[in-house]
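Notes for the one structure printed next.
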Amino acid sequence: MRLDVVTIFPEYLDPLRHALLGKAIEQGRLSVHVHDLRQWATGVHQAVDDSPYGGGPGMVMKPDVWGPALDDVAAITGPADTESAASAVAHSGQARHDENSGADVGSSYGEGDVDKRPLLIVPTPAGKPFTQEMAQRWSHEERIAFACGRYEGIDQRVVEDAENRYRVEEVSIGDYVLIGGEVAVLVIAEAVVRLIPGVLGNKRSHEEDSFSDGLLEGPSYTKPREWRGLEVPPVLLSGNHAKVDRWRRDQSLLRTAARRPELLDDVSLTKRDRKALDEGESPEG
Ligand code: 6GU
């Protein structure tokens, strides 16, 4: 998978190269290319934002900077593209003109054609809520680009126009407001990349993730058996796998009922599940 991120704070994306994602890069399963939006800014002040039409506080990011940036990133082709090829395109940004960048960049998809447009994710608190189901779907993408907005967002025409070259998704990572999209990109990229086959060693470890069966995961324990006077639940030491599985299912159900009861509306419950919920004392109350 190839990730392209366009941002005015490239160093904010450095964590994408560390830990789990860094390992995926070393394994050749992932490449990460971060582009400084200012490379596409024009004029002496290299402005990337301006005051909003209609008035109001804050600044809006300029379409005549974002348009050429997203055109150039879309034009980068294939996994054969190297880091230097990517930055060669990036550096050509200033020489390009907005006027000739639209119709010629491959924008028509007839019926029955395979849609080869890369995915463009635009993080915004006004987006659709990001979910594990999206992460699962996006883990099969060959290319994902991210457009990080700051201030009061990006001129909406940029998103509209980008549909000519991308499949565009505006997504939110939760009901709170961040200063910009960069941290949301870190969140989304980590959730997606860990699901790429081979990136996480053990396949079972994401089949059993919270949310993958619609429930929260229950508690986990390791050695020692007794710690500060607290015992590991005895069933986990019993060696009875059926009993352990049933206990874990019950813990998931009880925790979900206590912390995220709305999730249970979309889960099909067996009679045995209902019994566990009726009888159970949740550890969280
Ligand atoms: Cl995706 N972006 C920004 N800027 N703020 C957010 C968000 C995204 N999700 C929640 N708040």
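The values are calculated or read from the model by the stated rules, or taken from the named source; none is laboratory data. Since the structure is predicted, the reported quantities are computational estimates derived from the model, not experimental observations. Cβ placement follows ideal geometry from the backbone for every residue including glycine, while neighbour counts extend to all protein chains displayed. We work out accessible area using only protein heavy atoms, side chains counted, and drop any ligands, DNA or RNA first. Shrake-Rupley method; radii C 1.70, N 1.55, O 1.52, S 1.80 Å.
Count, please, the residues in segment 164-182 that happen to be under 14 Å from the mean Cα position of the chain (by Cα) and near the ligand (Cβ under 7 Å from one of its atoms).
5
With the requirement that a residue be within 11 Å of the ligand (Cβ to nearest atom) and touching a helix residue (DSSP H, G or I) at 6+ places or on another chain (Cβ under 7 Å), what does segment 148-163 give you?
Correct list: Cys148, Ile154.
How many residues are in contact with a Gly (Cβ under 8 Å, 6 or more places away or on another chain) and hydroxyl-bearing (Ser, Thr, Tyr) if we restrict to segment 243-272?
Of the residues in that region, 1 qualify.
Pairs needed: first member in segment 111-134, touching a residue at least 40 places away in the same chain (Cβ under 8 Å) and more than 9 Å from the ligand (Cβ to nearest atom); second member anywhere, open to solvent by 20 Å² or more (accessible area, probe 1.4 Å) and part of a loop (DSSP other than H, G, I, E, B); C-beta distance under 6 Å; at least 6 residues apart or different chains.
Once the first residue is touching a residue at least 40 places away in the same chain (Cβ under 8 Å) and more than 9 Å from the ligand (Cβ to nearest atom) and sits in segment 111-134, its partners that are open to solvent by 20 Å² or more (accessible area, probe 1.4 Å) and part of a loop (DSSP other than H, G, I, E, B) give Asp115/Tyr109; Leu119/Glu141; Gln132/Phe211.
Pick from Ala242, Ala257, Ala276: which is under 20 Å from Asp209 (Cβ atoms) and not polar (S, T, N, Q)?
Residue meeting the stated conditions: Ala257.
Only residues that are under 30 Å from Gln132 (Cβ atoms) and of a type in the set (A, V, I, L, M, F, W, C): list them for segment 208-240, please.
Those that are under 30 Å from Gln132 (Cβ atoms) and of a type in the set (A, V, I, L, M, F, W, C): Phe211, Leu215, Leu216, Val232, Val235, Leu236.
When you scan segment 1-30, how many residues do you find that are basic (Lys, Arg) and not in a helix (DSSP H, G or I)?
Here the count works out to 2.
Could you list all residues from segment 31-51 that are outside any helix (DSSP H, G or I) and out of contact with any strand residue (DSSP E or B) (no Cβ under 9 Å at 6 or more places or on another chain)?
Passing the criteria: Ala41, Thr42, Gly43, Val44, His45, Gln46, Ala47.
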